[in-house]
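Contents: one structure, followed by commentary.
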Amino acid sequence: MKLYKFNVDQKMMRSGKSPGCEILKKVRTTAFLAVLLSWTTLVLAQAERERFLMLSGGVSMLSRQDLIYSPFIHVDNSGHSYNIRYQKKKKLFQFIDIGLSYNTSQIAENLELDMDDHVHMIMPHEFLFLHLHYGIGKSIRRMPAFEEHMGIALKIDLQAGFYNFSLSSMFGYFISESANIWYRRSYQISDRHCFSIQADIPLISWLSRPPYLAEDDEFIKNISSHNSGKIIMAFIGDGKLTTWDKLQRLNLQLGYTYRLSDVLSLGADYRFEFIHHADPRELHSTRQQFNLTAVTKI
């Protein structure tokens, strides 16, 4: 079977712009406007409930190896880590968490190619991460110093990789929709200091990854529409049901806040994500995020 590759846009290479950067700008703007609009609607519709809106940004640290594309371990630290979280606590504990991060990785030194009277700079590999996480649960234990919650969640992940090899590139993807179980414990250390820890693992997932040949005939067919929405849906349609014995994932979040007033708190959070999947080839990925957080009570 013939392996297809796509040529990188020469104008884009000469201008120093990359596909991942352009997508990052568009996705970041669209996603944040959509989320803020959605939460405005929630505020107006549910004014009687206790709610918190959390905005955070910071550093993303990535270590990723996908043997479908490359034997190398791609490592990078970037300043592109963004999260928005809406949290509501009453009889039920609910949250919506939307996140975006972006990393690049370059194994070798910068290389310039002089072709057709133009100098081309080789671009690094790029990785874009998007997620939407909705959870609902209830309190299972309440003590003077801490409270425990447990529940279920739906988590949607879209992880895109742009593997740039010389003048050609390959597009990689990891798309999952999973039903998770989560546990949260929050500590009210004092009137102003609060600490929380939350962990979740998938019970079952619908997972989409490229085939062994990365860009086979089915891949070419899926992208032939040149429509981003249709392409993603085609990738999802080629996925399959996956359980914990095939896909091992763990998400961990630690948070600290310091209350400045009745409506405003500042703090920091740490997020850790681990992924291992072996079909059709091994994927190992760990991602850490260190963010500064602003929390407002609404």
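Which count do you get for residues in segment 277-298 that are surrounded by 15 or more Cβ atoms within 10 Å (Cβ to Cβ) and closer than 26 Å to residue 90 by Cα?
Residues flagged as surrounded by 15 or more Cβ atoms within 10 Å (Cβ to Cβ) and closer than 26 Å to residue 90 by Cα within segment 277-298 amount to 4.
Can you find a residue in segment 246-253 that is in contact with a Lys or Arg (Cβ under 8 Å, 6 or more places away or on another chain) and closer than 16 Å to residue 276 by Cα?
Yes, the conditions are met somewhere in segment 246-253.
Residue check: is residue 265 open to solvent by less than 70 Å² (accessible area, probe 1.4 Å), among the small types (Gly, Ala, Ser) and in contact with a Lys or Arg (Cβ under 7 Å, 6 or more places away or on another chain)?
Criteria met by residue 265.
Being at pLDDT below 95 and under 19 Å from the mean Cα position of the chain (by Cα), is that true of even one residue in segment 137-160?
Yes, some residue in segment 137-160 is at pLDDT below 95 and under 19 Å from the mean Cα position of the chain (by Cα).
The rows are residues; the columns are (1) open to solvent by less than 30 Å² (accessible area, probe 1.4 Å); (2) over 24 Å from residue 64 (Cβ atoms).
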{"position": "206", "(1), (2)": "no, no"}
{"position": "214", "(1), (2)": "yes, no"}
{"position": "232", "(1), (2)": "no, no"}
{"position": "246", "(1), (2)": "no, no"}
{"position": "255", "(1), (2)": "yes, yes"}
{"position": "259", "(1), (2)": "no, yes"}
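Given the conditions (1) of a type in the set (A, V, I, L, M, F, W, C); (2) more than 15 Å from residue 63 (Cα to Cα); (3) touching a Lys or Arg at 6+ places or on another chain (Cβ under 6 Å), report the number of the one that residue 275 does not fulfil.
Just one mismatch for residue 275, condition (2).
Of everything in segment 89-105 that's open to solvent by 20 Å² or more (accessible area, probe 1.4 Å) and in contact with a strand residue (DSSP E or B) (Cβ under 7 Å, 6 or more places away or on another chain), which residue is farthest from residue 297 (Cα to Cα)?
In this case the residue turns out to be 104.
Look through segment 256-272, keep the residues that are small (Gly, Ala, Ser) and under 12 Å from residue 57 (Cα atoms), and return whichever of them is nearest to the chain's Cα centre (by Cα).
In this case the residue turns out to be 268.
Can you tell me which residue in segment 259-287 is nearest to residue 160 (Cα to Cα), limited to those that are assigned to a strand (DSSP E or B), out of contact with any Leu (no Cβ under 8 Å at 6 or more places or on another chain) and not small (Gly, Ala, Ser)?
Per the stated criteria, the residue is 284.
Looking at (1) in a strand (DSSP E or B); (2) under 18 Å from the mean Cα position of the chain (by Cα), can you tell me which one residue 187 breaks?
With respect to (1) in a strand (DSSP E or B); (2) under 18 Å from the mean Cα position of the chain (by Cα), residue 187 is out only on (2).
Which of the residues spanning segment 190-216 are outside any loop (DSSP other than H, G, I, E, B) and closer than 19 Å to residue 233 by Cα?
Matches in segment 190-216: 205, 206, 207, 208.
Just one of the numbered conditions (1) among the β-branched types (Val, Ile, Thr); (2) modelled with pLDDT under 95; (3) in contact with a Phe, Trp or Tyr (Cβ under 9 Å, 6 or more places away or on another chain) is not true of residue 98; which one?
For residue 98, the exception is condition (2).
Which residue is farthest from residue 280 (Cα to Cα), if the candidates are limited to segment 181-227 and must be among the small types (Gly, Ala, Ser) and in contact with a Ser or Thr (Cβ under 8 Å, 6 or more places away or on another chain)?
186
In the set 156, 175, 140, which member is surrounded by 15 or more Cβ atoms within 10 Å (Cβ to Cβ) and free of Cβ contacts under 8 Å to residues at least 40 places away in the same chain?
That would be 156, the only listed residue that is surrounded by 15 or more Cβ atoms within 10 Å (Cβ to Cβ) and free of Cβ contacts under 8 Å to residues at least 40 places away in the same chain.
Could you list, in sequence order, all residues of segment 231-258 that are outside any helix (DSSP H, G or I) and within 30 Å of residue 216 (Cα to Cα)?
The answer is 238, 239, 240, 241, 242, 243, 244, 245, 246, 247, 248, 249.
Could you tell me which residue of segment 178-193 is most open to solvent (accessible area, probe 1.4 Å), considering only residues that are of a type in the set (S, T, N, Q) and within 24 Å of residue 274 (Cα to Cα)?
Filtering segment 178-193 for residues that are of a type in the set (S, T, N, Q) and within 24 Å of residue 274 (Cα to Cα), the one most open to solvent (accessible area, probe 1.4 Å) comes out as 186.
Got at least one residue in segment 65-84 being open to solvent by 40 Å² or more (accessible area, probe 1.4 Å) and either modelled with pLDDT under 85 or assigned to a helix (DSSP H, G or I) (or both)?
No, segment 65-84 has no match at all.
The values are calculated or read from the model by the stated rules, or taken from the named source; none is laboratory data. All values derive from a computational prediction rather than experimental measurement. Quick reminder, even Gly has a Cβ in these numbers, built from the backbone with ideal geometry, and neighbours come from all protein chains shown. Remember, those area values only see protein heavy atoms, side chains included, never the ligands or the DNA or RNA. Shrake-Rupley method; radii C 1.70, N 1.55, O 1.52, S 1.80 Å.
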